[in-house]
Amino acid sequence: MEPPFPGMDPYLERSSLWPDVHHRLVNAMSDYLQAQIAPGYVAQITPYVALEQVEITAPRRALVPDVGVFERESAAVTPATAVVDTPSLTGTALLEVHTRYARLEIRTVTDDTLVTAIELLSPVNKRPTPDGADAYEQKRRELFQSGVHLLEIDLLRGGRRPRLARPDPLPAAPYVVFLSRVERWPEIDIWLCPLDKPLPTVPVPLRRPDPDVPLPLTTLVHQVYRNARYDLRIDYRQPPPPPDLTPEEAAWLDAHLRARGLRQ
């Protein structure tokens, strides 16, 4: 099935699915950029491991930790010998697992100098804790001070976004892209990405006088969706994962999915 959304699919943000999306999208960006920046530069994938909360769903309980994927058979339930009360609700457990993520680095071939860092934000980068968003902000400051271009792609609606000095909050948008160029810092270019529009094609800066390389985010997200057959793993009859959409976004999403025949 073709990707049903014009840009980012909010269903890809599901905690049990996002690590796979992140991995595939970083690889797709690397392959695309490498073809554009050779022979002067290389696109290098740098892995890291984060402790994430992953939703465990029955009956197939598959995870994406750094140690691999496992499945566990449901244990047989022994009938109770006495009368017991029926539970009021059932819930879904969250399990903290070490999850592999990666960032993308554009480096020169001649001296292996880091020129541009590309961060596809993960949940840990946005978690409002000292080892989450605070640690990510420290890494941002180090990159700013080291004379490196920084492209940040935030395709997660939840959590705390990278901070800006401006006192006013950004206009509401589910997704956003930030670009900090060395020669223009501390100014940051910002792309707001609404749910009902394609994601932007954004520039990846290189060393002067080399021109920017365009990175077509919609093309790559849709390519990953098709190649991974995410349509087989998503039930569009259900609401998207948290956080809740705005009333306007929820109404648009429902009408859009009905028009695509994915909801009745």
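The values are calculated or read from the model by the stated rules, or taken from the named source; none is laboratory data. As the structure is a computational prediction, the values presented were derived from the model and not from experiment. Here the Cβ positions follow ideal geometry from the backbone for every residue, glycine too, while neighbour counts run over all protein chains shown. In case anyone asks, the SASA skips ligands and DNA or RNA and just uses the protein heavy atoms, side chains included. Shrake-Rupley method; radii C 1.70, N 1.55, O 1.52, S 1.80 Å.
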task: State all residues of the range 120-139 that are of a type outside the set (Phe, Trp, Tyr), more than 14 Å from ARG157 (Cα to Cα) and buried (at least 19 other Cβ atoms within 10 Å of the Cβ); if no residue qualifies, say none.
output: GLY132, ALA133
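Being in a helix (DSSP H, G or I) and open to solvent by 20 Å² or more (accessible area, probe 1.4 Å) narrows it down to one residue among ARG226, ARG208, ARG237; which is it? Step through it out loud before you land on a result.
Details: ARG208 fails: in a helix (DSSP H, G or I); ARG237 fails: in a helix (DSSP H, G or I).
Just a single option satisfies the conditions, and that option is ARG226.
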statement: Expected output for the range 226-244 (first residue within 17 Å of GLU2 (Cα to Cα), partner open to solvent by 50 Å² or more (accessible area, probe 1.4 Å) and modelled with pLDDT of 95 or more, Cβ below 6 Å, 6+ apart or cross-chain) is ALA228/ARG24
- prompt: Within the range 177-196, can one find any residue that is touching a residue at least 60 places away in the same chain (Cβ under 8 Å), aromatic (Phe, Trp, Tyr) and open to solvent by less than 40 Å² (accessible area, probe 1.4 Å)?
  reply: no
statement: Residues in the range 165-190 that are assigned to a loop (DSSP other than H, G, I, E, B) and more than 23 Å from LEU114 (Cβ to Cβ) total 10
